[in-house]
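Here is the structure we will look at, set down as structure tokens.
The values are calculated or read from the model by the stated rules, or taken from the named source; none is laboratory data. Please read all numbers here as calculations on a predicted model, not as lab measurements. Here the Cβ is made from the backbone with ideal geometry for all residues, glycine too, and neighbour counts use every protein chain on show.
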Amino acid sequence: MNVTIRFDNIRKDFGAVRVLHGVSFELQPGLESDKTSGSASGKTYGLLGENGAGKSTLMKILAGYESITEGELVIDGESRRFSGSRQAETCGIVLIHQEFNLAEHLTIAQNIFLGHEKRKGWLLDDVAMRAEAASYLAQVGLDVSPDTKVSALIVAEKQLVEIAKALSRKARLLIMDEPSATLTSSETQKLFTLMAQLKQQGVTIIYISHKLDEIESNTDEVIIMRDGRFITREPTASLSRHQMANLMVGRDVSDMFPAKAMLAADAPVRLKVDHLTVPGWTSDLNFEVRAGEILGFAGLVGAGRTEAMEAIIGLRPRSSGQIAIDGDPLDLRNPRQAMQHGLTYLSEDRKGKGLHVDLGLRENLTIMTLERYCHPWLDLKSEKQALTQALQDFNIRAGNPQVKASMLSGGNQQKLALAKYLHAGPRVVILDEPTRGVDVGAKRDIYFLIHKLAAEGRAVIVISSELIELIGLCHRVAVMRAGILQTTLANDQLSEEELISHATGTR
């Protein structure tokens, strides 16, 4: 069941850009658990590195999605070069992508066997596929019919379908890329339980995550990459989270959060929201944010935080509520109107709603402010100057500024999205999960950027599921539960225990 992998001087080039620089290390199987039968437990590796470190590229090579430019991939002692993912799957190597690779309009059973359909003569054997799919769903603990369409599933259920699909391929090595990024804490715990079960069955797991607490609690060894190079491989128990973070970025990151600036007692109210009700989501929400203040919003999934902000900028209908910016009452009906009045909102879905990933960096940066560059023809020189300045100001790492946004790492995509939404010069900035799926180095950059926005006199709202993030960044934190604002905690009241107790109603 176990599999041995060796990367030997792996290099990978995309055009003139080298993203992997001679990566070499081994992945050994777990220890034998039954010497009589020869069965063995698996092993869980945590693969760490900043966005752009080369983790996903290396794993795509292992899973057959990318080719090797130079070097050798050795599997169970045999040199291999896969021409596609199906070849890798024949060796028991399966990659679960960060973005789900599922056909939404097909059923669970059809997705599990897509490209590997069972047949009875010339016809598809739907009965056998549904029966086997039900068996795999039972293994991953998903109690739904295999005839359910994927489009009807929630995110956590889709994650389990991806794992069931991997089991159907007889996975010996399962690569999981940021699997908990969109899961709740309870769903994440179920995922870890399932991983432990797979490990006991002899499956080796490579777990890619920026959440160091998850790596610390659920892996046996840690592999760290930086700038396309292998840095080290250590037993997880031998490294603290702080040491992991330092190895990832190549410097000390003890100063993760900037020092909070004192809020002036006479700071004017930038945004005031009164009696906001969003049908089905929030009821009678009241809050205000002052110039120079960072206000956090905490709460469980479904608490209504995102929906309230979408209603404020006109993305979602509201049945009641008054909104004022710098004392001026406004009736905002769409995001463009909100932007014109100095209010901008960056969605938690940077690829779906934040960026046009198939466009270039320049087009993304200026698309919301094109009138600034049209006289009447588009001033490409000014656009390029603006991009050069944004790359510098936001520390966006792009080897070639002409590439599409899709070619940037996750952290650099997030910085580009921030640059885009701040390019119009808003007075009020709403950031929804600004560091989701972002590595520790990029997180620090974003935290200091948020601090800078407040220091410039803007009002900043941060919605986050990471309590440490809210505590480290914000002057105050509003806690919502089931659409109702429970309390607003001052800086000296902020702790994980306080936030959790109000968010769960156990206070």
Which of the numbered conditions does LEU95 fail, given that it passes all the others? Conditions: (1) at positive phi; (2) touching a residue at least 60 places away in the same chain (Cβ under 8 Å). (1)
Does ARG397 fit the bill of being among the basic types (Lys, Arg), assigned by TED's automatic domain parsing to the domain that holds THR366 and more than 29 Å from VAL269 (Cα to Cα)? yes
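Condition first: surrounded by fewer than 21 Cβ atoms within 10 Å (Cβ to Cβ), modelled with pLDDT of 95 or more and farther than 23 Å from LYS452 by Cα. Can you find one or more residues in the stretch 246-255 that meet it?
From the stretch 246-255, those surrounded by fewer than 21 Cβ atoms within 10 Å (Cβ to Cβ) are 246-247, 249-255; that's our starting set.
Then keep just the ones that are modelled with pLDDT of 95 or more; that gives none.
No, because not a single residue in the stretch 246-255 is surrounded by fewer than 21 Cβ atoms within 10 Å (Cβ to Cβ), modelled with pLDDT of 95 or more and farther than 23 Å from LYS452 by Cα.
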Does ARG372 satisfy being farther than 28 Å from ALA181 by Cα, without any contact (Cβ under 8 Å) to a residue 24 or more places away in the chain, surrounded by 14 or more Cβ atoms within 10 Å (Cβ to Cβ) and basic (Lys, Arg)? yes
Residue check, ARG119 against (1) under 30 Å from GLY441 (Cα atoms); (2) among the basic types (Lys, Arg); (3) free of Cβ contacts under 8 Å to residues at least 40 places away in the same chain, all met but one. Which one? (1)
For the list (1) free of Cβ contacts under 8 Å to residues at least 60 places away in the same chain; (2) within 30 Å of ILE500 (Cα to Cα); (3) under 23 Å from the mean Cα position of the chain (by Cα), I need the number of the one condition that SER151 fails. (2)
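Can you tell me which residue is surrounded by the fewest Cβ atoms within 10 Å (Cβ to Cβ) among those in the stretch 375-403 that are among the small types (Gly, Ala, Ser) and assigned to a helix (DSSP H, G or I)?
The extreme case among them is SER382.
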Among the listed residues GLU363, GLU288, identify the single one that is in the same structural domain as LYS404 (by TED's automatic domain parsing), in contact with a Lys or Arg (Cβ under 6 Å, 6 or more places away or on another chain) and outside any loop (DSSP other than H, G, I, E, B). GLU288
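Mind listing just one residue for me: the one in the stretch 160-191 that is among the β-branched types (Val, Ile, Thr) and out of contact with any strand residue (DSSP E or B) (no Cβ under 9 Å at 6 or more places or on another chain) and, of those, modelled with the highest pLDDT? Before the answer, list the steps.
Going through the stretch 160-191, the residues among the β-branched types (Val, Ile, Thr) turn out to be 161, 163, 175, 182, 184, 188.
Now narrow it down to the ones that are out of contact with any strand residue (DSSP E or B) (no Cβ under 9 Å at 6 or more places or on another chain): 161, 182, 184, 188.
Details: VAL161: 89, THR182: 68, THR184: 71, THR188: 81.
So the residue we want is VAL161.
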Checked the stretch 259-285 for anything out of contact with any Gly (no Cβ under 7 Å at 6 or more places or on another chain), part of a loop (DSSP other than H, G, I, E, B) and surrounded by 16 or more Cβ atoms within 10 Å (Cβ to Cβ); matches are none
